[in-house]
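Working notes for the structure below.
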Amino acid sequence: MPHFGLLDERHMDPAAALLQRSRLHLRGARRRIRQGKLAAGVSTLYDTLIHAMQWHARVHGASAGLDLEDDAALFRHLAARGAVSPGFDFEGLARLTEQALEGRLPPGIDPEGWLAAVEGELDRLGVLPFDEAALPPEDPATF
């Protein structure tokens, strides 16, 4: 994953680690999509959004009583609060990610469209904008 070796979560506030993970994954997803590594790019986009939602729930006190590991429930909860767009096709992204992980992406997917949609949600959640130069340098060995 794009964050391997780039952050030491043992010495970080858990919320700060989630935010940093989301940003590192976004950078990795952009690169992978640009390189045509669509399965890796899609699955990394999903991770980007999940970490962003977990971060948002923690810092905005929206995590009480929630299982932050239940991605769909977290999305529905944040959509009900207006933190993410209820019109965002979260189920579609989850399905596409599952297909990517199984090596069976459907023909004709629009990775740039998914990237733009996820970036829109990251903006709503407060993850974007950020200075990419402030992130640790990318390790080319991370795929």
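The values are calculated or read from the model by the stated rules, or taken from the named source; none is laboratory data. What you see is a predicted model; the values in this text were computed from it and never measured. For neighbour counting, all protein chains shown are included, and Cβ atoms are generated from backbone atoms with ideal geometry for every residue, glycine included. Heads up: the accessible areas ignore ligands, DNA and RNA and are worked out on the full protein's heavy atoms, side chains in. Shrake-Rupley method; radii C 1.70, N 1.55, O 1.52, S 1.80 Å.
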Is there a residue in the stretch 98-111 that is buried (at least 19 other Cβ atoms within 10 Å of the Cβ) and under 27 Å from Pro14 (Cβ atoms)? no
Scan the stretch 112-125 for residues that are open to solvent by 40 Å² or more (accessible area, probe 1.4 Å) and within 14 Å of the chain's Cα centre (by Cα) and jot them down. Trp114, Ala116, Glu119, Asp123, Arg124
Exclusive hit being over 21 Å from Arg34 (Cα atoms) and out of contact with any His (no Cβ under 8 Å at 6 or more places or on another chain), set Gly65, Gly113: Gly65
If I go through the stretch 26-78 residue by residue, how many of them are farther than 25 Å from Asp13 by Cα and of a type in the set (A, V, I, L, M)? 5
Condition check for Arg32: out of contact with any Lys or Arg (no Cβ under 8 Å at 6 or more places or on another chain) and open to solvent by less than 60 Å² (accessible area, probe 1.4 Å): yes
In the stretch 23-43, how many are assigned to a helix (DSSP H, G or I) and free of Cβ contacts under 8 Å to residues at least 12 places away in the same chain? 1
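In the stretch 51-131, which helices (runs of 4 or more DSSP H) lie fully inside it and hold 1 or more residues that are among the hydroxyl-bearing types (Ser, Thr, Tyr)? Break it down into steps so the answer makes sense when it comes.
Details: elements: 71-80, 90-101, 111-125.
Here the list reads 90-101.
Limited to the stretch 77-97, what total is found for residues that are surrounded by 14 or more Cβ atoms within 10 Å (Cβ to Cβ) and either basic (Lys, Arg) or more than 14 Å from Leu38 (Cα to Cα) (or both)?
First, pick out the residues of the stretch 77-97 that are surrounded by 14 or more Cβ atoms within 10 Å (Cβ to Cβ): 77-79, 83-85, 88, 90, 93-94, 96-97.
Filter once more, keeping what is either basic (Lys, Arg) or more than 14 Å from Leu38 (Cα to Cα) (or both): 77-79, 83-85, 88, 90, 94.
Matching residues across the stretch 77-97 total 9.
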